[in-house]
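The values are calculated or read from the model by the stated rules, or taken from the named source; none is laboratory data. Small disclaimer: the values here were computed from a predicted structure and weren't measured. Because the Cβ atoms are built from the backbone with ideal geometry, glycine has one as well, and the counts that use them run over all protein chains shown. Only protein heavy atoms, including side chains, enter the accessible area calculation; ligands, DNA and RNA are left aside. Shrake-Rupley method; radii C 1.70, N 1.55, O 1.52, S 1.80 Å.
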Amino acid sequence: MKKKKIHDKLYDNDKDIRLRLFVLNAFITEIILGVDLIEIILTGYDDFLRDIILLGAVMLFVLIASIVSVKNNHIKAGSAIICFIIGFIFFPMSFIFGGGINSGAPIWFIYIILLISLLLSGKTRIVFFVLELLTATFCYYLGIFHPEFIHKNSELQGGIFAFVSLVIISIATSILVSLEINLFVKEKKRTEEQKKEIEMLNAAQNQFFSSMSHEIRTPINTIIGLNEMILRENINDEVVEDAVNIRSAGKLLLNLINDILDMSKFKSGKMHLLIAPYHTGNMLSDLVGMLWIRAKEKNLKFQINVSPDVPAELVGDEVRIKQILINILNNAIKYTKEGSISLTVQCERIDNETFNIIYTVSDTGIGIKKEDIPFLFSAFKRVDEDVNNHIEGTGLGLSIVKQFLDLMGGKIAVNSVYTKGSTFIVEIPQRAVSDKQIGEYDFEKSHGIGKKSEYRQKFEAPEARILIVDDNEANLMVAAKLLRDTKVVIDTVKSGEAALKKTQNIEYNVIFMDHLMPEMDGIECKKRIRNQTGGSSRDSKIVILTANAGEENRELYAKENFDGYLVKPVSADDLESELLRHLPKDIVKVMGGDGEILKETISWMRGNQKRKMVAISTESVADLPREYIEKYDIAILPHKVRTREGTFKDGSEIDTSGVIKYMEDTTTTIMPMGPDSKEHEAFFAKQLEYANNVVHISISSKIENSGCPTAIEAAKAFENVFVFDSGHLSSGQGLLVIEACRLAESGLGPRHIIERLEEIKNKIHTSFIVDNLDYLARSKQVNGRTANLVKSLMGRPVLVLKKGRMKLGKIYFGSSVSAWRYYINSCLSVSSRIDNRVLFITYVGLNKKEMDWIRDYISKKMDFDEIYFEQACASIAVNCGPGTFGLLFRDK
C-alpha cells in the first residue's frame, strides 16, 4: 500500500515534473547516506563517532532543505543547496576522514556529478560542475602530495568502505536513472496524448469555423444580393441611403467572418495566398465603398490619396490585401472621435517588374501608448482596455494583418503619439502586370458613396440558357434576379437529382452548382452530368457557386475540374463576368465597359503632394542656409535660450543680435537648452504626416545641453523615426544634413542613409576661432582665470570639436587679423584632401568688411565652388560671443 502511494505521488501528472525529479533525487540521496551511516555503525572503527555525527548532520540538512524547498516551491534553490552540501561539505570531509584515495570517497564523486547534472541547469550547473572538479582536484592533491592530512584506515577497512560505496552508488545510480527514464517516458506519452487532444480540438475548431463561415455566407448572400436589386430600382433618396448602408455593413460583416476563419487557418498552418492579377483602382474603389459610410456616421473626413505612378495592375492576393487595409482603416475609424482618416498609396520600384507598394493610414484618434505598441499585433489583445472597453471589436484584426504581411514578405510600422493620433505604414512587394500606371484622371462613381450607384449591364444573351442548382430557395432567387437583365433563359432546381432530370433533355450553356447539398453534393452531381448517358449537357461549362471560401476549397474544385469558382456572397458584377467568360461569343451582345473608380473620395497625388519616403530633419543649431532648407524641404526643430526674463525659441522668439545685445550686460545669465522629449515627439509626429520615415540629424550628444538624448528617447515612440548623433554642431552638423538630403533624394532608405552618414561624419571638420573665452566662462564651460589670462595676453583661442566634444585647441596671439590668418592657413593647410564643393563660414558679430576680408583671403588659398556665410544661431552665439567665425568643411 505504501509502495503504491509513493508510486502515485511520483507519477502524479498534476505536479510539476521538476518537483517530482527533485523529490526522487533527494529521496535516493537520503537512502544512500542512511546505508553509509549503518555501515559506519556496524564497522565500529576508531573515530567512528565523529563520522556518525558528520553523516547525521549531512542527512539532516538534506532533509530540511528538501522539505523547505518543496513546501515553498523553491526547487532551484533546494537543488543548489543539496548539491552544495553533498559536493562541497560531505565529499571533502569523507575523503579526508575516510582514507583518501583508497576509500569510498572517489566513488561518491561520480554520484555527485550525476546529481549536479540531474538537479541543476544552465549556468548554475556549469559553475557547480567546475567547482566540484576543482574540489576533487584539491582532495587528490592532498592525498598524493600531502598524505599527512589524510586519516589512515587499515587496508581491510579501506577495502570494505570502497566496496560498500561501490555497491551502494551503483545500485542507487541504476535505480535513479531507471526511475527518471521511466518518468520521462510517461511524461512524453502524456505530452503526445495532450498533443493529439489539442490537434483534435484544433480540427474541431477549424471545422466549426468553416461551417460557421458557410452558414453565415448563405444569408449574407441573400441580403447583399436582394439589396443590390433594390439599388437598381427607381427609389427615393432615403431608401437609397438605407440600402447603401446595408451593403457596406454586409461587406464589413463578411470581412469579420474572414478574420475568424483566417485565424483558425493560421493556427493550423493551412493559410495560403491566392496570387493573381488585379486592378489597383477597383480595389481602392471597393475599400471606399465599404468604409466611407462608417466614417460619415461619425462625421469624420475620409480621404484616399493615390500617387499617379502606382501600377494600374498588380499581381498579389487582392482579397487579403483588401482585408489588411480594411482592418487598419476600420480600427482608425473606431478609435477616432473627430478629425480625419486618410489612406495614402505610393510605390517604390525594386526592380524592373517589382514594386514596393506603400499604404499609409493616418488618423487623428486617441493614439497608442508607447508601452502598448509591442502588444498591438497579439490576437485577442486590446490595448488600453480601461479607456477602450466601450469600443466594439474582436481583437483579431491587427494580429491577422501582421500574419498576412509576414506571409506576403511585407512589413508594418506604427507611429503614434498618445491622444494625438496614429499612423500605420504597410509595405507589400508586388509585381506589376505591365508598365501602365494608374495615372491622374477622373473616374465616374461606381460604388455609390451614400448615393444610388448606376447599374451597368455588361451584356445580353437571350439565346443562352443556364441552370442554377442550390438547395436554398433564397440563393436561387438572388442569382436569378442578379442575372435578370442579361435576358438569358434561367432554370433553377433545388437538388442534384432534379438537376440530372433537367440536363437529360436540355442543353445548358452554363450550370452554376452549389457544393453542399443533401443527398447528392455538387461534386457528385457534376460527375453524373459529365457521364450522363444520353445527357444533353455533358459538355456544359459547370461553375461552382458556393459559400465554401478559402484557398484549400479552391484547390479542391480545381482538382475536380470545375470550369469556374465563385464564392458567396456573390455580386452581380462577378456573376455576370463569370457567365460572360463561359458563354459562346456568337450569342452574346456586349453592352459596355467597366473599371470605374470613385472620384469623390479618391484624389490623385501630384508631385508636391506625395508623402516622402524619407524626410530629413534637424535642429536650429545646424546653422543651415535658407537656400538649402527650402531646396530640400528640411524641417527644423528650434533649440531654446533661457534668460531671467523667460525661455525663448531660437530663431523665432530670439535671434543672434538680440542675444549679443542682451549679453553686453555682464551681470545677466543666459543658457542654451535643447528641446525636451515631448517637443521632439510632437515634432516627429508632425513630420510623419508627410513622410513614411524620418531621419533626424541631431547635435552631438556630448555637447552641454544637447537635444540628442531626448531625441533618441522620443524616437522610441515611433517605428519609423531614426535619430542620428552627428557628433558635430553648427554648420558641421549642417553638412551632414545636406548629405543626408542628397542620399534620400537618390532613393536610399533610412538605415542605408545612417550607414553612409557614419562613414562621412569623421570627415567633417568643425572649429571656431573666438575673440576671447569670456562667454564660455560665463556659461561655466571654461575656468574664469583661464579666460582672463588668455585675454590679458591678447590670445585668440580656437575651439575644435573632437570625438563629439568641443575642446580648446591652439591659441594665436596678436591682432584679430593676424590670428585669423594663422587660423585659416591651419584649416586649409592640406587643400588636396578637402572637398571643395562647399565651405560654410559660420560667424557671430562680424561686419561686412571683415567677412569680405575672410572671403578674399580664403579664395587666395583655395577655390571652393560655393562659400556660404551663415550667422550662427542664438544657441551657438551664447557660447562664442562677437568676433567669432569658423570654417566648416568635409574631406573628400
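Each residue in region 1-41 was checked for being modelled with pLDDT of 60 or more and open to solvent by 40 Å² or more (accessible area, probe 1.4 Å), and 9 pass. What do you reckon, is Leu329 more than 18 Å from Gly250 (Cβ to Cβ) and hydrophobic (A, V, I, L, M, F, W, C)? Spelling it out, it is not the case that Leu329 is more than 18 Å from Gly250 (Cβ to Cβ) and hydrophobic (A, V, I, L, M, F, W, C). Against the test of being within 23 Å of Ser165 (Cβ to Cβ) and either more than 44 Å from the chain's Cα centre (by Cα) or charged (D, E, K, R) (or both), the options Phe91, Phe128 yield a single qualifying residue, Phe91. Elements of the type helices (runs of 4 or more DSSP H) sitting completely within region 456-539 and holding at least 3 residues that are open to solvent by 80 Å² or more (accessible area, probe 1.4 Å) and free of Cβ contacts under 8 Å to residues at least 40 places away in the same chain: these cover 496-505.
Is there a residue being in a helix (DSSP H, G or I) and closer than 20 Å to Gln687 by Cβ anywhere in region 351-367?
The first filter runs over region 351-367 and keeps only residues in a helix (DSSP H, G or I), leaving none.
No, region 351-367 contains no residue that is in a helix (DSSP H, G or I) and closer than 20 Å to Gln687 by Cβ.
Criterion applied to Lys541, Lys501 was being more than 17 Å from Asn475 (Cβ to Cβ) and under 53 Å from the mean Cα position of the chain (by Cα), and the one residue passing it is Lys541. Scanning region 648-660 for residues that are over 39 Å from the mean Cα position of the chain (by Cα) and farther than 19 Å from Phe885 by Cβ, we see that the one that is surrounded by the most Cβ atoms within 10 Å (Cβ to Cβ) is Ile654.
If I filter region 853-892 down to residues being hydroxyl-bearing (Ser, Thr, Tyr) and under 14 Å from Phe840 (Cα atoms), which single residue comes out as most open to solvent (accessible area, probe 1.4 Å)? Looking at the filtered set, the residue picked out is Ser859. Taking region 676-692 as the search range and keeping residues that are surrounded by fewer than 24 Cβ atoms within 10 Å (Cβ to Cβ) and assigned to a loop (DSSP other than H, G, I, E, B), which one is modelled with the lowest pLDDT? Restricting to residues being surrounded by fewer than 24 Cβ atoms within 10 Å (Cβ to Cβ) and assigned to a loop (DSSP other than H, G, I, E, B), the top hit is Glu689. In the set (1) open to solvent by 80 Å² or more (accessible area, probe 1.4 Å); (2) touching a residue at least 60 places away in the same chain (Cβ under 8 Å); (3) not aromatic (Phe, Trp, Tyr); (4) not in a helix (DSSP H, G or I), Lys152 fails one condition alone, (2). Selection of region 712-726 for residues being assigned to a loop (DSSP other than H, G, I, E, B) and touching a strand residue (DSSP E or B) at 6+ places or on another chain (Cβ under 8 Å) yields Ala717, Glu719, Asn720, Ser726. Taken together, the residues in region 840-861 that are of a type in the set (Ser, Thr, Tyr) and in contact with an Asp or Glu (Cβ under 8 Å, 6 or more places away or on another chain) amount to 2. For Val844, the conditions (1) at pLDDT 90 or above; (2) surrounded by 18 or more Cβ atoms within 10 Å (Cβ to Cβ) are fulfilled apart from (1). All conditions but one from (1) over 26 Å from Phe869 (Cβ atoms); (2) in contact with a Lys or Arg (Cβ under 8 Å, 6 or more places away or on another chain) apply to Phe684; the one that does not is (2).
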